[in-house]
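Just so it is clear, none of the values below were taken in a lab; they were calculated from the coordinates. Remember, it's a predicted structure, so these values are computed and weren't measured experimentally. Note that each Cβ is placed from the backbone with ideal geometry, even for glycine, and that neighbours are counted across all protein chains shown.
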Amino acid sequence: MRLSDKPEEACGIFGVVAPGREVSRLAFFALFALQHRGQESAGIAVSDDGHLTAIKDMGLVSQVFKEETLKSLSGQAAIGHVRYSTTGSTRWANAQPVCHNRNGHTLALGHNGNIVNTAELREQMGPLGEKLTSSSDSELMAVMIASHPADDIRDAVVDVMPRIRGAFSVIMLNQGTVIGFRDPWGIRPLCVGKLEDGNYALSSETCGLDIIGAEFLQEIKPGQMAIIKEGSLELKQVIEPAERQGLCVFEFIYFARPDSVLEGKTVSQTRIRMGEELARESGVEADMVIPIPDTGTPAAIGFARASGIPYGEGLIKNRYIGRTFIQPDQTLREHGIRMKLNPLGELIKGKSLVVVDDSIVRGNTTSKIVRMLYDAGAREVHLRISSPPITHPCFYGIDTATSTELIASSKKVSQIRDHVGADSLEYITLNGLQRALGMPADRFCRACFTGNYPVDVPDELKMSKHRFEQVEKEPAL
């Protein structure tokens with residue numbers, strides 16, 4: 001049962017070298033902070049004097065790792081990954097980090113993004129393709145680097161990176177060295193921070209650095225490689241940044257945690273500005289502004305601030321629902337949205353509401369929320385969305401792989417309004433979004449709104465994220 005009407009998450013990656021510290025514990029807490037980026041599986045790989053041990057499983061970080069597990073993962077360096085699948089199905093073989101042998105040592109790799117020339121690379125691999133045990137594009141990269149003849153793994157990365165097209169922020173662990181690299185379009189984020197003891201860590205977002213007490217230094221530049229060893233950080237520009245940059249605009253709208261910093265801007269403040277622009281563009285007379293929590297909250301605050309309409313919390317979110325493998329019975333399924341959200345009837349009864357959310361993908365959950373607000377006594381429901389209509393699928397690491405899943409690809413705003421049952425519906429404009437971001441449009445990938453993709457997408461990628469399932473093999477026991 002899908003309780004969300006959002007683009008499904010990207011993945012989260014982390015890496016650290018810190019001899020003398022419990023690196024598995026650092027990775028655990030960093031992944032805990034990055035949990036919003038993926039809830040299907042979690043994994044940590046640790047290097048202890050060159051010997052690598054990896055543990056991964058389906059579920060949340062807190063479900064996969066217990067105190068006893070972390071104590072068994074001792075070493076000087078670690079990488080970690082939380083996953084939402086974009087290429088390959090939800091199964092153990094596709095969990096990360098993926099591990100492969102390189103010159104007698106184990107290489108572990110975690111990836112955030114989606115490669116668009118996977119089929120071409122698989123064909124080029126020839127017999128090496130026999131080493132693939134999963135359907136994920138991440139393992140493809142691991143095998144390409146692990147099987148590269150260069151003695152120095154940095155040289156292998158330098159040679160492999162230019163052959164890969166698409167979105168890839170990658171973290172690797174090999175012989176106690178952590179390497180991170182980012183695609184030349186900068187589609188998915190990656191940053192580096194410094195621990196108090198002089199060692200370094202890499203993370204998808206700054207919140208993964210904050211939780212372990214690391215000082216944020218900088219974002220890894222598009223096309224750049226970062227090499228972390230004990231007490232040292234080396235940055236190497238492997239590929240010149242693409243002329244047209246492509247940071248996913250949804251990192252600001254929805255994916256990134258509100259307390260993270262991207263492009264020098266705090267995400268929550270940017271979302272508040274989106275709400276302010278939305279109020280200026282599509283104001284309405286109402287009694288109260290409420291968010292659909294949690295990601296709609298900053299924009300709702302901004303809308304209330306700019307419109308002068310009082311802000312209130314009309315919906316309470318169950319923040320402990322997470323991912324569950326226990327399926328509700330039919331009666332509970334019919335009321336499934338209440339597993340996640342419940343209205344405050346006394347607060348909203350008889351009121352005209354502005355309900356602010358960050359996006360609508362399919363519209364089904366949104367319609368249930370609107371109906372729930374009416375049932376709780378709301379007099380009017382005016383939906384305001386802090387992103388433009390999502391009209392095109394994403395092929396760079398967000399699970400909206402077909403246009404048929406996107407309500408705005410086939411319906412006008414007035415038709416979407418009727419579908420969800422609201423009194424009115426307005427989206428922020430592209431220009432309003434760009435004003436809120438405070439940066440030029442050519443710094444971002446906005447293909448989900450415009451259909452203008454920064455990296456060409458082959459036809460076979462438009463088929464399905466499960467397109468390689470038929471070649472999948474279970475690993476030998």
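Observations on the model:
- For the pair segment 210-277 and segment 383-459, the centres of their Cα atoms are 22 angstrom apart.
- Computing Rg and the Kirkwood Rh from the Cα coordinates of segment 261-444 gives a ratio, Rg/Rh, of 0.96.
- One Cα centroid belongs to segment 7-62, the other to segment 335-378; the line between them spans 35 Å.
- If R0 equals 30 Å, the separation of the Cβ atoms of Asp155 and Glu405 corresponds to a calculated FRET efficiency of about 0.10.
- In terms of surrounding Cβ atoms within a 10 Å radius of their Cβ, Thr450, Thr270 rank from fewest to most as Thr450, Thr270.
- Taking other Cβ atoms within 10 Å as a rough exposure proxy, Asp294, Asp357 sort from fewest to most as Asp294, Asp357.
- Counting only DSSP beta bridges whose two residues both lie in segment 261-444, roughly 25 percent are antiparallel.
- Helix 23-33 axis versus longest C-alpha principal axis of the chain: approximately 20°, rounded to the nearest ten.
- Extension gain for Asp48-Glu22 works out to 8.2 nm (0.36 nm per residue, less the C-alpha to C-alpha distance).
- Take every DSSP beta bridge whose two residues both sit in segment 215-325; close to 90 percent of them are antiparallel.
- Virtual spin-label span in nm between Asp375 and Arg305, 7 Å along Cα→Cβ: 3.5
- Leu344 versus Asp459: modelled label distance in nm, points set 7 Å from Cα along the beta carbon direction: 5.5
- Using a simple spin-label model with pseudo-atoms 7 Å out from Cα toward Cβ, Asn452 and Ile316 lie 4.6 nm apart.
- Charge sum, other residues only, whose C-beta stays under 9 Å from Leu73's C-beta, Lys/Arg counted +1 and Asp/Glu -1: 0
- Full extension of the chain between Arg163 and Lys131 gives 9.6 nm of extra length, using 0.36 nm per residue less the Cα-Cα distance.
- Contact order normalised by residue count of the chain, Cα under 8 Å, 6+ apart, percent: 16
- Ascending count of other beta-carbon atoms within 10 Å, so fewest first, for Arg244, Arg319: Arg319, Arg244
- For segment 197-265, Kirkwood radius (reciprocal of mean inverse C-alpha pair distance, Å): 13.6
- Two numbers describe the Cα atoms of segment 216-318: Rg and Dmax, which are 18.7, 59 Å.
- Reported value for the chain: 143 Å³ per residue, from the convex hull of its C-alpha atoms.
- Per residue of the chain, the DSSP helices (runs of n ≥ 4 H) give a summed -39500 (n - 2.57) that works out to -6500 deg cm²/dmol at 222 nm.
- Reachable aspartates and glutamates, given that their alpha-carbon falls under 13 Å from the alpha-carbon of Lys317 and they are not under 8 places away in the same chain: Asp294
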